[in-house]
Amino acid sequence: MTTAVELAAAVRTGTATARQVLEEHLGRIAVRDGELHAFNEVTGDAARVAADAVDARAGRGEDPGPLAGVPVALKDNLCTRGVPTTCSSKILAGWKPPYDATVVQRLAAAGAVVIGKTNLDEFAMGSSTENSAFGPTRNPHDPSRVPGGSSGGSAAAVAAGFAPLALGSDTGGSIRQPAALCGVVGVKPTYGLVSRYGLIAFASSLDQIGPFAASVEDAAVLLEVIAGHDPLDSTSLDRPAPELASQLGRGVAGLKVGLVTELTGEGIEPEVAERTRQAAAALEAAGAVVREVSVPSLTYGLSAYYLIAPAEASSNLARYDGVRYGLRATGAEDITQMYGATRAAGFGPEVKRRIMLGTYALSAGYYDAYYGKAQKVRTLIVRDFAAAYAEVDVLLSPTTPSVAFPLGAKTADPLSMYLNDVCTIPSNLAGHPAISVPFGTGASGLPVGVQLMAPALGEATMFRAAAAVEAAARHLTPVEVT
Amino acid sequence: MALPEGWEMVCGLEVHCELNTATKLFCSCPNDFGSEPNTNVCPVCLGLPGSLPVLNGQAVELAIRIGTALGCEVKPSIFARKNYFYPDMPKDYQVSQYDKPINVDGFLDLPDGSQVGIERAHMEEDTGKSSHAGGTGRISSSTHSLVDYNRAGVPLVEIVSRPDIFSADQARAYAAELRSILVATGASDGKMEEGSMRVDANVSVRHPGDPLGTRCEIKNLNSLRSLVRGIEYEAARQVELIESGKKVRQETRHWDEGAGRTRTGRVKEEADDYRYFPEPDLVPLAPDAAWVEAVRSALPVLPAARRRALAAAAGLEPATELVVTAVERGLDAFVLEAVAAGAEARTALNRAVNDLPVNVSWGSAQLTATGSLSADGAVQVTSFAALIGLEVSGALTATQAKKVLEALFERGGDADPAALAAELGFEAMAADTLATSVDDVVAAHPGDWASYVGGNDKVAGMFVGKVMKATKGKADGKAVTALLQQRRAAEAP
């Protein structure tokens, strides 16, 4: 498959047109998205206008940008001016944002062509994309299985070749987990590196937008385009976008890599654990120094996350009340009834569950025991990570405990679903970057992903290690079933 | 209106003031009163999905001005979300400050010498405005409601006093003093009628020395007059309840200006649970010390200090009504300038407060750089001082001086008060002319004169009136009285 970098180069040099590239991808979507349902909406007409504009610029001898003519799929919780932005929820029915998210503006400025809005777990709450009000997305590698979530539509779109690049959002693993399950690269950047302006909030202190791509290099180029300070987001870091792609070839000789003890033992399926060990060995073979590192408080990450994220969500989602936009229940006698009926009809069960959890966690008399204590755990995790990074440059772990599971396998048991994010949540709690890189397949032939984590703003080093893992993955043999 | 013997009212005030910023607290929409509904709005202040707040630096500066003017400590602070559902609140949470407010522990000195503690003065965003249509205007009879979000996101500072207020008059003085500080510092225009300053009162009653009683929060106090009436009514209501063996229920009550009473609003069965938590979309606010000091040192002289300065110049107590009124109307600087130009202070103060035209709308900073009153008319401070000089020397009577002042105002500029007095026919009478006049009047009324000499002071007024009439008002009443007394002393046996 042609990479995004190659496509952009072809469009910039005139050996291909953006319109040709777009039509090719629209063709693939037409053939297979009926089955996979990666997209909530394919914006073909607007994409054609955008692609023609890129070609016109190239025709005038102007540089259309580093992503010239590259189709990009957007998770449907990123605001797009005049295009429905649903969060895969009934409650936002009919709402069209009057503005573009900052990342959408930056994509356009870089010459990228938005091809459509992808499916997700409602308001990004889930790990399988089965919590979408519009039906689940299926895994391109095995349509009877989930693509992961919550950015399952974006992961599936890249895996199926519907778009070379996609954006997702990652609150507890929502980019990396589906990337692993769909066999693509997924990146959760340092908190504050990418503007959240125009990302419909799930949990504000954890949410971060990041790239999906078929290669580490493509992911690096996309992150360079969307990163950098934005005055519209107060939590945006006041620093320029990092240089990533140019650093990939530097290798990992002497790089210190820690294999995380707490994320390689109990609860991790053997095929995934085996691939993770092989990735460690591959890094060592490439010149890195690998050792096992313990980060003890990580085991409390999941519990802390399921207090902090729902608490923030309970407040962030209060505004969907039927007064100003979206769904409004009819027949209510007064405003209180209208609120209740609208939210009862508009939100799905998982969203309701988390709003209730979060409301409870913030209630008077419980705040200290739940939200307050969870924030303390967060501080401990940051401290333990800092201790680990005093010893090593990057940390290595599986991205997920298992490969893609069948649709419906975990929907009846929320806790087993939540456990999918045990490896990814700590980076969100700490605000650190992490990347999932495909590393072969498991015994079932389904993709396995390994995760590299780095301290805040350690993206350049993290991408360098990821490139080495990606290179090693090309020479893997099928995993032995023991 | 006093409470029955043995009762004491305790009151704390919560004052919300809208800050005088160009734009809203978290977005660049104009902070304007009176625009067409829903025209000053954007994704941020409408709370649209995906929008994020960015703190307005000017609002922070004005909040620091208020804090430093109230003697508060300015501290590192964080914003918090106060969660509750209401249609005029776009996000269904209000961004406010909770356990870490920007200003804490200040005080306000009142003209009567009392001091009211300030617990905190924190920043928050205003809500939109609901109106209820299709009925009598009350929510219960309406068929639908309309919401104007122009006010949503307007920056507010909420100033919370300690329960250090013990009468309605003191509450009034507190609110008036606070308003003058808000205006003087430029932080807010303090207009209660436009809602840019809103006062809620927490009122309870007790027997002096007892612990605080159960309080009620009184809302809808839209003027200083309502504040006084509402508090007095509420304290009396509570005393009556307790004396008839009932209990005060903790609740929010609304002042009904027309009916002259408070009515039950919302009963608080238990404390509201607003589920406060730190606002994750904003970063902690830590104004650096140099900035705070710069703001503090740029503060104008505040009313309490202005009262002290004026009182010292006039040899009066700062709490004197004349002094308080002069500062309230922003006339103190003008008077002090006149004193510096040679005017006698107390006379100048009297004329400035009582005899400048009252239809002039006094704000602060009336004194322009050129030293004139920048009202409709203008009086040069030098002209004013010269006029006071004429009055003090006896060249003009008080009545004449007031008329010349009026003429000065009409004429404006640097008109010469002596020339104006001459124009009005107010030349002071020569002493011998006046004495002749008095002789004539005495000679014409021998019976009355004998009575006066015999000790009947009541006829003195008659003599003064006759002399005034004879001199067509040019005589100085005081001088006439003095002449009469001299003459009586000379004749008395």
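The values are calculated or read from the model by the stated rules, or taken from the named source; none is laboratory data. From a predicted model like this one, the values you see are computed outputs, not experimental measurements. Quick reminder, even Gly has a Cβ in these numbers, built from the backbone with ideal geometry, and neighbours come from all protein chains shown.
Quick notes on this structure:
- Summed over region B:379-394, the residues that are surrounded by fewer than 18 Cβ atoms within 10 Å (Cβ to Cβ) and either of a type in the set (G, A, S) or assigned to a loop (DSSP other than H, G, I, E, B) (or both) give a count of 2.
- Evaluated against (1) surrounded by fewer than 14 Cβ atoms within 10 Å (Cβ to Cβ); (2) at positive phi, B:N220 falls short on exactly one condition, (1).
- Set A:Y360, A:Y371, A:Y366: member being within 14 Å of chain B (Cβ to nearest Cβ), of a type in the set (S, T, Y), more than 20 Å from the chain's Cα centre (by Cα) and not in a helix (DSSP H, G or I): A:Y366
- Condition met for A:A374 (of a type in the set (G, A, S), crowded, with 19+ Cβ neighbours inside 10 Å and more than 25 Å from A:P97 (Cβ to Cβ)): yes
- Checking each residue of region B:36-54 against the condition of being away from chain A (no Cβ under 11 Å) and of a type in the set (D, E) gives at least one match.
- Checking A:E262, A:E266 one by one, the residue that is touching a helix residue (DSSP H, G or I) at 6+ places or on another chain (Cβ under 8 Å), farther than 15 Å from A:M462 by Cα and free of Cβ contacts under 8 Å to residues at least 60 places away in the same chain is A:E262 and no other.
- Set A:V403, A:V437, A:V450, A:V469: member being touching a strand residue (DSSP E or B) at 6+ places or on another chain (Cβ under 9 Å), crowded, with 20+ Cβ neighbours inside 10 Å, modelled with pLDDT of 95 or more and assigned to a loop (DSSP other than H, G, I, E, B): A:V403
- Leading residue by the ranking (surrounded by the fewest Cβ atoms within 10 Å (Cβ to Cβ)) among those in region A:272-306 that are in contact with an Asp or Glu (Cβ under 7 Å, 6 or more places away or on another chain) and closer than 13 Å to A:V257 by Cα: A:S294
- For first residues located in region B:301-318 and under 12 Å from B:V339 (Cα atoms), partners that are buried (at least 23 other Cβ atoms within 10 Å of the Cβ) and of a type in the set (D, E) and lie 6+ apart or on another chain with Cβ distances below 6 Å form the pairs B:L310/B:D332.
- Once region A:404-431 is narrowed to residues that are in contact with an Asp or Glu (Cβ under 7 Å, 6 or more places away or on another chain) and hydrophobic (A, V, I, L, M, F, W, C), the residue that is farthest from A:A465 (Cα to Cα) is A:L407.
- Filter result for the condition that a residue is more than 17 Å from the chain's Cα centre (by Cα) and within 14 Å of another protein chain (Cβ to nearest Cβ), over A:P71, A:P98, A:P143: A:P98
- The single condition among (1) among the β-branched types (V, I, T); (2) crowded, with 19+ Cβ neighbours inside 10 Å; (3) closer than 25 Å to B:S130 by Cα that A:I335 does not meet is (2).
- Meets criteria (over 30 Å from B:K403 (Cα atoms) and at pLDDT 80 or above) for B:A482: no
- Single match in B:D105, B:D99, B:D88 (criterion: surrounded by fewer than 23 Cβ atoms within 10 Å (Cβ to Cβ), out of contact with any helix residue (DSSP H, G or I) (no Cβ under 6 Å at 6 or more places or on another chain) and assigned to a strand (DSSP E or B)): B:D105
- The residues of region A:330-354 that are hydrophobic (A, V, I, L, M, F, W, C), within 17 Å of A:S315 (Cβ to Cβ) and in a helix (DSSP H, G or I) amount to a single one, A:V351.
- Residues (away from chain B (no Cβ under 14 Å) and in a loop (DSSP other than H, G, I, E, B)) located in region A:183-208: A:G183, A:V184, A:P189, A:T190, A:L193
- Output for region A:210-235, where each listed residue is part of a loop (DSSP other than H, G, I, E, B), touching a Gly at 6+ places or on another chain (Cβ under 9 Å) and closer than 26 Å to A:G149 by Cβ: A:A214, A:D233, A:T235
Conditions tested, residue by residue: (1) within 30 Å of B:L322 (Cβ to Cβ); (2) free of Cβ contacts under 8 Å to residues at least 24 places away in the same chain; (3) within 14 Å of chain A (Cβ to nearest Cβ).
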residue: B:P90; (1), (2), (3): no, no, yes
residue: B:Y93; (1), (2), (3): no, yes, yes
residue: B:F107; (1), (2), (3): yes, no, no
residue: B:L110; (1), (2), (3): yes, no, no
residue: B:A121; (1), (2), (3): no, no, no
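- Hits in region B:55-85 (condition: part of a helix (DSSP H, G or I) and either facing chain A (nearest Cβ under 10 Å) or charged (D, E, K, R) (or both)): B:E61, B:R65
- B:K246 fulfils the conditions (1) over 29 Å from the mean Cα position of the chain (by Cα); (2) more than 14 Å from chain A (Cβ to nearest Cβ); (3) crowded, with 17+ Cβ neighbours inside 10 Å except for a single criterion, (3).
- Residue match in region B:105-112 (condition: of a type outside the set (D, E) and more than 17 Å from B:H16 (Cα to Cα)): yes
- Subset of region A:27-82 that is part of a strand (DSSP E or B) and not hydrophobic (A, V, I, L, M, F, W, C) - its residue that is surrounded by the most Cβ atoms within 10 Å (Cβ to Cβ): A:K75
- Residue tally, condition farther than 20 Å from A:S151 by Cα and out of contact with any Pro (no Cβ under 6 Å at 6 or more places or on another chain), over region A:29-58: 14
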